[in-house]
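Everything below concerns the one structure shown next.
The values are calculated or read from the model by the stated rules, or taken from the named source; none is laboratory data. Predicted model only: the values in this text are computed from it and were never measured. All Cβ positions, glycine included, derive from the backbone under ideal geometry; neighbour counts span all protein chains shown. In case anyone asks, the SASA skips ligands and DNA or RNA and just uses the protein heavy atoms, side chains included. Shrake-Rupley method; radii C 1.70, N 1.55, O 1.52, S 1.80 Å.
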Amino acid sequence: MNNRFVINYNPGPTFFHKLSGFTKVFMLLVMTVAIISTFDIRILVPLLIINVAIIVSMKPNYKPIIIVFSITFVTVTLIGNIMLFFVSPQAGLNNVGAEHIIWQAGRYYISKEFLWYIFIVFLKRTVSFASVMAFALSTTPSQFASGLNKCGFSYKISTIVSLAYRTIPDIAEDFVNIRNSMMMRGLELEGKGVSFFTKLKNYVLLLVPLIFTAFGKVGNIANAMDLRGYGKNKKRTYYAETEPTKGDKIVRALTVLLLVATVYYVVMYRFINPWPAKFWCPWLSRDEIVTVNAIDTLFFMKWFKK
């Protein structure tokens, strides 16, 4: 089992590795619906604990996970929150429904609700990341295709997704090989004496051979599938498809309970008895929450009101 690029080609020895493809795809779909349906920390924290426990139980190589998470944190969370602060410092009021200012400089300020807002958004992204990592670490491309097909997707769509899923490690490995060969030819990609913009420009040069290599592999795969008569029949079977074990039945039952709980939460707390604001906050009561138009709070909207 190779965890270098997170995605595995062979099933691992742990409990979640041995589950069938349908069980893992079904669990991912339900987990995704549960995460999308709420910004409530009381729901997100248990989901995070479940996914982290699944990841830890598989004893993966944590290095690629940490690298991907760090890149995501810097590019999406950190930079995104800085831009949000300058564009809409009232995001806490818009989404949480109140403002308790703890720092202010001119028209820019930070409130407790703003910090709560960015924390909940970060938590939700972290839960989504953990659920995807748990699925990727435990599922082979063949199990992914088999699970999608058993969930009702066309086997052609399942195969396309499986091939894309399988190609990610190959592209990463091709990138490493191309980078090493270009460095041997004198292209400056590393070293303290090389400026950041020079490195960036040189890394862009790597995209051309990488794209041609990827298209070449796609063409070879398409020709091989045509020669084997792929797509002739309406249905197909998968060698990775297995009969459900006792573990599969237990996980499926728990996943169904999660689905029922998610539906109950959406119906009860989104339609029957909704919270007055988008985000639940522990120090606010219903009476303290005010409703505002998020568009009107953007700073550039003041130009149109003059």
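Descriptive notes on the structure:
- Overall dimensions of the range 105-251, expressed as equivalent-ellipsoid semi-axes from the Cα gyration tensor (√(5λ), whole Å, largest first), are 37, 32, 14.
- As a rough guide to protection, the peptides 124-136, 158-170 ranked by mean Cβ packing within 10 Å, highest first, stand as 124-136, 158-170.
- Anchor Lys112: aspartates and glutamates whose Cα lies under 12 Å away (excluding residues fewer than 8 positions away in-chain): Glu99
- Electrostatic tally near Thr167: other residues with Cβ closer than 12 Å to its Cβ, Lys and Arg +1, Asp and Glu -1, net -1.
- Each Lys and Arg Cβ is given +1 and each Asp and Glu Cβ -1; about its Cα centre, the chain then shows a dipole of about 540 debye.
- Of the GluC sites (Glu not before Pro) found in the range 148-204, the ones in coil according to DSSP and having at most 11 other Cβ atoms within 10 Å of their Cβ are Glu190.
- Point-charge dipole on Cβ atoms (K/R +1, D/E -1) for the range 123-239, about Cα centre, debye to 20: 500 debye
- Which of Val76, Phe153, Leu259, positive extreme of dipole for the chain (C-beta unit charges): Phe153
- Formal net charge of residues neighbouring Trp283 (Cβ-Cβ distance under 10 Å; K, R +1; D, E -1): -1
- Sparse-neighbourhood loop sites, chymotrypsin sites (Phe, Trp or Tyr not before Pro) in the range 193-255 - DSSP loop, at most 10 other Cβ within 10 angstrom: Tyr239
- Apportionment of accessible area to carbon and sulfur, the range 1-110, percent (1.4 Å): 74 percent
- Candidate lysines - alpha carbon under 28 Å from Lys199, same-chain residues fewer than 8 apart omitted: Lys63, Lys217
- Projecting the Cα atoms of Phe26, Val194, Thr237 onto the charge dipole of the chain (Cβ charges, centred on the Cα centre) puts Thr237 farthest toward the positive pole.
- Helices assigned as whole DSSP H runs in the chain whose Cα atoms extend at least 18 Å along their own long axis and whose mean Kyte-Doolittle hydropathy is -1.0 or higher are found at 21-36, 41-57, 112-138, 155-184, 207-227, 246-266.
- A simple packing score, the average count of other Cβ atoms within 10 Å per residue, orders the peptides 139-146, 29-36, 245-252 as 139-146, 29-36, 245-252, with the highest score first.
- Net charge over other residues, Cβ less than 14 angstrom from the Cβ of Leu19 (K, R count +1; D, E count -1): +3
- Reported label for calculated semi-axes √(5λ) of the Cα gyration tensor in Å given (1) 33, 20, 17; (2) 40, 31, 18; (3) 27, 25, 16: (2)
- Listed by chain and number, the lysines whose C-alpha is less than 21 Å from the C-alpha of Lys18, apart from same-chain residues fewer than 8 away, are Lys59, Lys150, Lys246, Lys249.
- Rounded percent of accessible protein surface that carbon and sulfur make up, the range 131-199, 1.4 Å probe: 63 percent
- Per residue, the range 191-301 exposes 76 Å² of solvent-accessible protein surface, assessed with a 1.4 angstrom probe and all protein chains in place.
- Whole-angstrom gap from the range 220-266 to the range 100-140, using each part's C-alpha centre: 32 Å
- Extension gain (nm, one decimal) between Ile67 and Tyr264, 0.36 nm per residue minus Cα-Cα: 67.3 nm
- Shape summary of the range 30-180, radius of gyration then Dmax from alpha carbon positions: 19.5, 58 Å.
- Estimated 222 nm signal from helices in the chain, with DSSP H stretches of n ≥ 4 weighted -39500 (n - 2.57), rounded to 500: -19500 deg cm²/dmol
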